[in-house]
1. Return yes or no: is Thr267 outside any loop (DSSP other than H, G, I, E, B), out of contact with any Pro (no Cβ under 7 Å at 6 or more places or on another chain) and more than 16 Å from ligand 1 (Cβ to nearest atom)?
2. Would you check which residues across the range 387-409 are within 16 Å of ligand 2 (Cβ to nearest atom) and surrounded by fewer than 22 Cβ atoms within 10 Å (Cβ to Cβ) and list them?
3. Can you tell me which residue in the range 229-252 is farthest from Asp102 (Cα to Cα), limited to those that are away from ligand 3 (no atom under 11 Å from the Cβ), among the β-branched types (Val, Ile, Thr) and modelled with pLDDT of 95 or more?
4. For the range 83-122, give me each residue that is in a strand (DSSP E or B) and farther than 20 Å from Ala165 by Cα.
5. One residue is enough: does the range 326-341 have a residue meeting the conditions within 29 Å of the chain's Cα centre (by Cα), among the small types (Gly, Ala, Ser), closer than 30 Å to Ser187 by Cα and away from ligand 3 (no atom under 16 Å from the Cβ)?
6. Could you say which residue among Asp106, Asp130, Asp102 is acidic (Asp, Glu), surrounded by fewer than 18 Cβ atoms within 10 Å (Cβ to Cβ) and out of contact with any helix residue (DSSP H, G or I) (no Cβ under 9 Å at 6 or more places or on another chain)?
7. Can you go through Thr256, Thr267, Thr289, Thr276 and tell me which one is modelled with pLDDT under 95 and more than 20 Å from the chain's Cα centre (by Cα)?
8. Is it the case that the range 358-380 has a residue that's under 23 Å from Gly257 (Cβ atoms) and touching an Asp or Glu at 6+ places or on another chain (Cβ under 7 Å)?
Amino acid sequence: MMSSTGLLLAALLLTPQAIAAPSPNPRPTAGQSITLNRRLPPVRTAEDWGAWAKTEREALMSKYGATPPQKRSQGTNLITNQNADSSFYGSLAIGTPPVSFDVILDTGSSDLWVADTSCQTGCSRIAAFDSTTSSTFQNLSQPFSITYGSGAAAGSLAQDDVQMAGFSVPNQVFAAVNQVSSGLLNSPVSGLLGLAWQSIAASGHTPFWQTLASSGAWTEPVMAFQLTRFINATNAQPTEPGGTFTMGFTNSSLYTGNIDYQNVPSTPTYWILPMTSMTVQGNAVTIPTGSASYSAIDTGTTLVGGPTSAIQAIYAQIPGSQPGTGNWEGYYTYPCSTEVNVAISFGGPSWPVSPADFQLTQISNSQCIGAFFELNTGGSAPSWIVGDTFLKNVYSVFRYSPPSVGFAALSPTALAMNGVNAPAPTATIGSISASATAGAGGPGSINGASPMWGSSIGAIGVAVAVSVGAVLL
Ligand SMILES: *[C@@H]1O[C@H](CO)[C@@H](O)[C@H](O)[C@H]1NC(C)=O
Ligand SMILES: *[C@@H]1O[C@H](CO)[C@@H](O)[C@H](O)[C@H]1NC(C)=O
Ligand SMILES: *[C@@H]1O[C@H](CO)[C@@H](O)[C@H](O)[C@H]1NC(C)=O
């Protein structure tokens, strides 16, 4: 049932060079210019007068010392699920006029980068950023590089206006990248949006999301993900609807019950939660405690990696499982006929992972590869990387203040999106309803911190059709 997609996925995970099939269904090229529809017609309508009156009043209040009502807002970005849950990307726009790009949404790192037109390696068949077409582009001419679990990217830092889901940050620092590891970017993806904290930004600068959250632009200081599952869908296409990313609110249509928030350790870096318990087939397994329980909650990683002892304990509960060999070293095989039920708690409820997500791929008549693998992280990196294998099973919320991660059960509406073949969404930049000032950020550790787990692997493509509503700011 899942052999072809699964095998492709598995191969991509370990040998990223192996990809590069042509798009089966070419669409318009990503990254074309966005035509802005100006909302002001030659003759003022009542709506125009209303907007004028509001601006006039706020300007006067500001001039004479009153505080204008703060504009708080919320936005939604539709996600694409690439190559049967290998990666999840969204869309944003850079520059003046804004040009849209598909970017991996990665809560496991903190830098925004896109390939630029000078990129020669690792950038074939993707839309590239052309700085010469943006009137607001500024080259900071500082070198940038970052290393992920699945590759690296390097280029130089720049500033420009960045828009996403109706939000705009002028002068956002990002990297225009001209070297990308083979296989890190898969058409139509042009780069990556880091959604973790500034403290681990390789650039040292404030991430897009953090500028918005800290400026009070959001109705609520949260961003949230609902991620779809296609790993066990028959005939999954290279791109499928991937779910929903929201900024400034949680969409109560997508979850049921309460969101259980757990605080991240002081001084946020990655989105870290301690993993407090795990069951496999209903039996508790021994997992490390203390700082060895720290888990990065990472939308940019496909699977779940953890300490060797814990991974061994998981597979000890699965009769017929064995350590993988060759390319599968660090992974385990187990009988495909076994439905493996893992559940994980981070201090609150125990969240089940579906057997479909546990079953990464079939490698022989009877044996499958499990989605939990051995990972030896170094230094101050968290011991566990909890990626999409887990996150497809919950509604996940990343809260700025107090810094915490919340999970809730997916609603029937959200679950109904799993495995339903449909066109992947087009770019949803949205009309701009709020903007914020990019934080100062400081020089920080350029070329320093190297968040280890970036996006994973995927394929082929759909494109970005682009339309942005009126920009009134
Ligand atoms: C920015 O400047 C650096 C060094 O001066 C240069 O190598 C790079 O190509 C420039 N980037 C862009 C996007 O213009
Ligand atoms: C895929 O897995 C989910 C979760 O276990 C299940 O509800 C669904 O029926 C499965 N789909 C197929 C096509 O087997
Ligand atoms: C919330 O999600 C539902 C289901 O996808 C969608 O129809 C609705 O428009 C969303 N609400 C907002 C405010 O985005």
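The values are calculated or read from the model by the stated rules, or taken from the named source; none is laboratory data. All figures in this text were calculated on a predicted structure; none of them were measured in a lab. Here Cβ is always computed from backbone atoms with ideal geometry, including for glycine, and neighbour counts include all displayed protein chains.
1. no
2. Selection gives Ala409 alone.
3. Only one residue tops the list, namely Ile231.
4. Of everything in the range 83-122, those that are in a strand (DSSP E or B) and farther than 20 Å from Ala165 by Cα turn out to be Ala115, Asp116, Thr121.
5. yes
6. Going through Asp106, Asp130, Asp102 in turn, just one is acidic (Asp, Glu), surrounded by fewer than 18 Cβ atoms within 10 Å (Cβ to Cβ) and out of contact with any helix residue (DSSP H, G or I) (no Cβ under 9 Å at 6 or more places or on another chain): Asp130.
7. It is Thr267.
8. no
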